[in-house]
Amino acid sequence: MSLLRSKRLLLTIGLVVIVGGLVAAGSAFTASNTVPNASLGQGANVISGYTVSSVVYTPNGTNPSNIDSVAFTISPTTASSVEIQLVSGGAWYTCSNSSGSVTCATTSPQATAGAANALNVVAGQ
């Protein structure tokens, strides 16, 4: 084998080793990401309303123009959050529901019969 051929062979082997080393070193410097498992989905269901009945307004014993509370029955009875509004755009009052019997204190702020112009009920589970 000639000296020139031997040098070419050594040069080729050297280049293969250098390129292989660079490829291996390059993969050592790549970033990796860890992504946790996740779920994604879409669904649809019917939103039904509530029926409010047997509404009773309780006036204040001293000043009957003030409304101290409002009570009513709600169906379905499973509403876990119920609020009412007696004046359109006015204050909302938080209510308590006990098996469909709803009671709402309307004293803070004090509701008045003269200002009451609506009974808006918002309920949810």
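The values are calculated or read from the model by the stated rules, or taken from the named source; none is laboratory data. Bear in mind the structure is a predicted one, so any value in this text is a computation, not a measurement. Here the Cβ positions follow ideal geometry from the backbone for every residue, glycine too, while neighbour counts run over all protein chains shown.
How many of the residues making up region 85-100 are in contact with a Leu (Cβ under 7 Å, 6 or more places away or on another chain) and within 13 Å of residue 124 (Cβ to Cβ)?
0
Please determine, by comparing only the residues of region 98-118 that are within 27 Å of the chain's Cα centre (by Cα) and not in a strand (DSSP E or B), which one is surrounded by the most Cβ atoms within 10 Å (Cβ to Cβ).
Only one residue tops the list, namely 100.
Restrict the check to region 90-97 and report whether at least one residue is buried (at least 16 other Cβ atoms within 10 Å of the Cβ), within 28 Å of the chain's Cα centre (by Cα) and part of a loop (DSSP other than H, G, I, E, B).
No, there is no match, as no residue in region 90-97 is buried (at least 16 other Cβ atoms within 10 Å of the Cβ), within 28 Å of the chain's Cα centre (by Cα) and part of a loop (DSSP other than H, G, I, E, B).
For region 67-89, give me each residue that is within 22 Å of residue 47 (Cβ to Cβ) and either of a type in the set (Gly, Ala, Ser) or assigned to a strand (DSSP E or B) (or both).
72, 73, 74, 75, 79, 80, 81, 82, 83, 84, 85
Is it the case that region 77-84 has a residue that's farther than 30 Å from residue 124 by Cα, exposed (fewer than 10 other Cβ atoms within 10 Å of the Cβ) and at pLDDT 85 or above?
no
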